[in-house]
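Here's the structure, in structure tokens; my notes come after.
The values are calculated or read from the model by the stated rules, or taken from the named source; none is laboratory data. Keep in mind the model is a prediction, meaning the values are calculated, not measured. Reconstructed Cβ throughout: ideal geometry from the backbone, glycine too, with neighbour counts over all protein chains shown. Heads up: the accessible areas ignore ligands, DNA and RNA and are worked out on the full protein's heavy atoms, side chains in. Shrake-Rupley method; radii C 1.70, N 1.55, O 1.52, S 1.80 Å.
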Amino acid sequence: MKPSALPAWIAALVLVTAFGAPGLAKPLPGHEAPQFVLKDLKGQIFDLRSAEELPLLVLWFFDVDSRPSQEGLVTLDRLAKTFPPGALAVWGITTSPAAAAAQSAAAAGLSFPILLDEGAVSERYGAEIVLPTACVLGPGRRVLDRFEGGGKTTEAMLVRLAERKLQQRAPAVALAIGDAVARENPAHPGAKAVRGNAALAQKDLPEAERVFRELAATGGDAEVLGKEGLAAVHARRGEPDKALALAAEVEKKAPGRAPAHVVKADVLLARGETAQAEAEYRKAAAAPVAPPSQAARASNQLGRLAAGRGEYERARELYEKAELLNPFDVETTTNKGLTYEKEGRWDQALETYRRALAVDATDPFAATLARRAQELVELQKDAERSRRVDQLVKELSARFRSREKAPPTRDDPWTSGPMVLTFVDVQEKGGLADRDGFSAVLLTQLTEQLGASGRVQVVERALLARLLEELNLGSSELADPETALRLGRLFAARLIGTGTLLHGPQESLLSLRLIDTETSAVAKVWTRTLGTAAALEREVLALNREILGTVIRQYPLQGYVVRAEGDRVLLNIGSSQGVVPGTEFDLVEEGEPVEYRGKLLQGEIRSVGRVRVARVEPGLSHAEALPGERAPRPDDRIRERFPGEDRR
């Protein structure tokens, strides 16, 4: 794409003239940075390709005789020394003579590399006429921002760098950069706004409010920034009317700015006023003054709304725009991957999730979605397995439509069969979460953890997804309890999981129910507040433990002693039923019946001994007898003990 053909939203990111001299092209935001290989003062080679593992890199083009160049070098170096290696990566590039560059670097005590350029690299970057020139590179070596000149321009560069660090979720680094600007220029409103936005990122609403109130009381541009920040604080605090009032005030005082429209859109969306919210997001995306994070959020939310209408191609266009504005936002990239999923394009979905993981390898959403997509891609490539799944799906769908019951799995009323569980659906309601696929990630993680326990067999999400696609069941049908029960029984599941995710401005409320398919009774209900992706992982771990506890308490495994020789005991149930090494069983007997008003009532079941499983096979378990009232005997009934429970 030629620079002259760049959309207005990219051109707005360029804080300097696109062409400093006739015929001299400069890499613009959104473009890939020109490749180069240079040596530093010690002769060490620096290849820009090797910098791909650095999420953010500042290329500082300077001249040793330029005072603004030297001041910028010292400021950047002081900041870089404050943090661990890589937190703020800077490469200085100069066409100055090697001796002069070495003397200057030694005098300043610089810690980052100074690269010697004979002119070719500076020419390709358009950094020959105006120095210093800074190019900030992000993931994929794409140019994020470009600045020319010192003084006020260097201040603007540092503030934008702080904003980029906030995008990287590095508020401590952002604060240090903003404070460095504020020390040199205490009146700089952008530097103060960084502190407020960092507090917002850390959910420290009192500190954010304090900073933004100080700004709002200053007047001028600072007042606008302060009131924008206060509007965001009120929105996050659950004070929508105050947020809307301040946003309207800012819109009147400083028209053409994006943040107020984003706040209004978020509040309206939380209220369910989707059309009005979408209009505000569009205003934000088209605003002539739009900080990258705000413009990216507007585009992401517009993409979410388009995807919700099934406009997947349009959604991807909006997500790609958001990615260019904020390449550190893996939420947008995973949202884009989900549009491919919904079209059944699992290979492209997987590729997209992998790109998200390249930006943030710790993101649990991207990791979970990538595992799920990998499973579906492998299924598509495995012709024999795919054929078997297709055949099973056809059989299940035919049985569902004919309302045919699943065939009985056992004829012994005492001996347990496998404990099968299926998660039918979790409906997402309320506002629009920043991340699509919240329920899919939740259920995938629960399925993986419960399946790994060995105690519960969980119907594969891939199989369920194929069946729902075959049956063409939408969210409204799945919300019907009778439909959910029919699906559970179709898989011979004893329990089905279903529920809702209610999205609020800052948190989501999960209500998860386990329903017994034989009695239609609700076996257990959990309510959880979910915030960040990390919180989701913690809650899934807790839910996994509690679901397993519910299964063991309410549906204990039962069976018989097949053989007892000394302390060695053979049981008639094994891994197929959910027995794992370490499981303990009580030997149980029925107590004497009790007569009441002429009727004999069944006596209480009591424990007369105990065994612990040492080794399991699919249909058998090898156990050892533990001290008890008596030794195990063939045909003794056994019942699973809850871990740590003492039964008398």
Output the residue which, of all residues in the stretch 389-398 that are modelled with pLDDT of 85 or more and of a type in the set (D, E, K, R), is least open to solvent (accessible area, probe 1.4 Å).
395
Of all residues in the stretch 95-142 being at positive phi and either buried (at least 22 other Cβ atoms within 10 Å of the Cβ) or small (Gly, Ala, Ser) (or both), which is farthest from the chain's Cα centre (by Cα)?
119
Could you tell me whether residue 191 is open to solvent by 10 Å² or more (accessible area, probe 1.4 Å), in a helix (DSSP H, G or I) and either in contact with a helix residue (DSSP H, G or I) (Cβ under 6 Å, 6 or more places away or on another chain) or polar (S, T, N, Q) (or both)?
no
Where residues in the stretch 63-88 are open to solvent by less than 70 Å² (accessible area, probe 1.4 Å) and among the hydroxyl-bearing types (Ser, Thr, Tyr), which of them is nearest to residue 146 (Cα to Cα)?
69
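Residues are listed down the side, and each one gets a yes or a no for (1) more than 27 Å from residue 200 (Cβ to Cβ); (2) touching a helix residue (DSSP H, G or I) at 6+ places or on another chain (Cβ under 8 Å); (3) at pLDDT 95 or above:
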position: 311; (1), (2), (3): yes, no, yes
position: 329; (1), (2), (3): no, yes, no
position: 333; (1), (2), (3): no, yes, yes
position: 336; (1), (2), (3): no, yes, yes
position: 343; (1), (2), (3): yes, yes, no
position: 364; (1), (2), (3): no, yes, no
Could we say that residue 469 is of a type in the set (D, E, K, R), part of a helix (DSSP H, G or I) and open to solvent by 20 Å² or more (accessible area, probe 1.4 Å) here?
yes
Determine whether residue 529 is hydroxyl-bearing (Ser, Thr, Tyr), loosely packed, with under 14 Cβ neighbours inside 10 Å and either touching a strand residue (DSSP E or B) at 6+ places or on another chain (Cβ under 9 Å) or over 30 Å from residue 237 (Cβ atoms) (or both).
yes
All conditions in (1) closer than 15 Å to residue 421 by Cα; (2) open to solvent by 10 Å² or more (accessible area, probe 1.4 Å); (3) modelled with pLDDT under 90; (4) not aliphatic (A, V, I, L, M) are true of residue 544 except (3)
Subset of the stretch 262-296 [surrounded by 18 or more Cβ atoms within 10 Å (Cβ to Cβ), in contact (Cβ under 8 Å) with a residue 40 or more places away in the chain, out of contact with any Asp or Glu (no Cβ under 8 Å at 6 or more places or on another chain) and within 23 Å of residue 136 (Cβ to Cβ)]:
285, 290, 295
Looking at (1) surrounded by fewer than 21 Cβ atoms within 10 Å (Cβ to Cβ); (2) touching a strand residue (DSSP E or B) at 6+ places or on another chain (Cβ under 7 Å); (3) at pLDDT below 90; (4) not acidic (Asp, Glu), can you tell me which one residue 487 breaks?
(1)
The conditions are (1) in contact with a Ser or Thr (Cβ under 7 Å, 6 or more places away or on another chain); (2) modelled with pLDDT under 95, and residue 352 fails exactly one of them. Which is it?
(2)
Are any residues in the stretch 625-642 of a type in the set (Lys, Arg) and surrounded by fewer than 15 Cβ atoms within 10 Å (Cβ to Cβ), and if so, which ones?
630, 633
Among 91, 60, which is the only one that is open to solvent by less than 10 Å² (accessible area, probe 1.4 Å) and more than 18 Å from residue 178 (Cα to Cα)?
60
Taking the stretch 549-563, which residues are outside any loop (DSSP other than H, G, I, E, B), open to solvent by less than 30 Å² (accessible area, probe 1.4 Å) and not polar (S, T, N, Q)?
549, 551, 552, 559, 561
Could you count how many residues in the stretch 325-355 are more than 19 Å from the chain's Cα centre (by Cα) and within 26 Å of residue 32 (Cα to Cα)?
1
If I filter the stretch 394-403 for residues that are in a loop (DSSP other than H, G, I, E, B), touching a residue at least 60 places away in the same chain (Cβ under 8 Å) and of a type in the set (A, V, I, L, M, F, W, C), do I get at least one hit?
no
Which numbered condition residue 255 misses (of (1) without any contact (Cβ under 8 Å) to a residue 60 or more places away in the chain; (2) assigned to a helix (DSSP H, G or I))
(2)
Within the stretch 104-130, restricting attention to residues that are among the acidic types (Asp, Glu) and out of contact with any helix residue (DSSP H, G or I) (no Cβ under 6 Å at 6 or more places or on another chain), which residue is farthest from residue 60 (Cα to Cα)?
118
Residue check, residue 145 against (1) among the acidic types (Asp, Glu); (2) part of a helix (DSSP H, G or I); (3) open to solvent by less than 10 Å² (accessible area, probe 1.4 Å), all met but one. Which one?
(2)
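Condition first: assigned to a helix (DSSP H, G or I), closer than 21 Å to residue 369 by Cα and touching a residue at least 40 places away in the same chain (Cβ under 8 Å). Can you find one or more residues in the stretch 512-535 that meet it?
Looking for residues that are assigned to a helix (DSSP H, G or I), closer than 21 Å to residue 369 by Cα and touching a residue at least 40 places away in the same chain (Cβ under 8 Å), one finds at least one in the stretch 512-535, hence yes.
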Which pairs have Cβ atoms under 7 Å, sit 6 or more apart or on different chains, and link a residue in the stretch 435-452 that is closer than 12 Å to residue 422 by Cα and among the β-branched types (Val, Ile, Thr) to one that is assigned to a helix (DSSP H, G or I) and open to solvent by 10 Å² or more (accessible area, probe 1.4 Å)?
444/372; 444/461; 447/461
Let me spell it out: the conditions are (1) surrounded by 13 or more Cβ atoms within 10 Å (Cβ to Cβ); (2) not in a strand (DSSP E or B), and residue 609 meets all of them except one. Which number is the exception?
(2)
Conditions first: (1) surrounded by 16 or more Cβ atoms within 10 Å (Cβ to Cβ); (2) at pLDDT 90 or above. Residue 451 passes all but one, so which condition is the exception?
(1)
Of all the residues that make up the stretch 36-57, how many are without any contact (Cβ under 8 Å) to a residue 24 or more places away in the chain and either in contact with an Asp or Glu (Cβ under 9 Å, 6 or more places away or on another chain) or surrounded by 15 or more Cβ atoms within 10 Å (Cβ to Cβ) (or both)?
1
Odd one out for residue 421 among (1) within 27 Å of residue 548 (Cβ to Cβ); (2) open to solvent by less than 50 Å² (accessible area, probe 1.4 Å); (3) modelled with pLDDT under 90
(3)
Those helices (runs of 4 or more DSSP H) completely within the stretch 308-386 that have 1 or more residues that are touching a Leu at 6+ places or on another chain (Cβ under 7 Å) and open to solvent by 10 Å² or more (accessible area, probe 1.4 Å) are 312-325, 346-359, 364-381
Can you find a residue that is modelled with pLDDT of 95 or more, under 29 Å from residue 361 (Cα atoms) and not small (Gly, Ala, Ser) anywhere in the stretch 114-133?
no
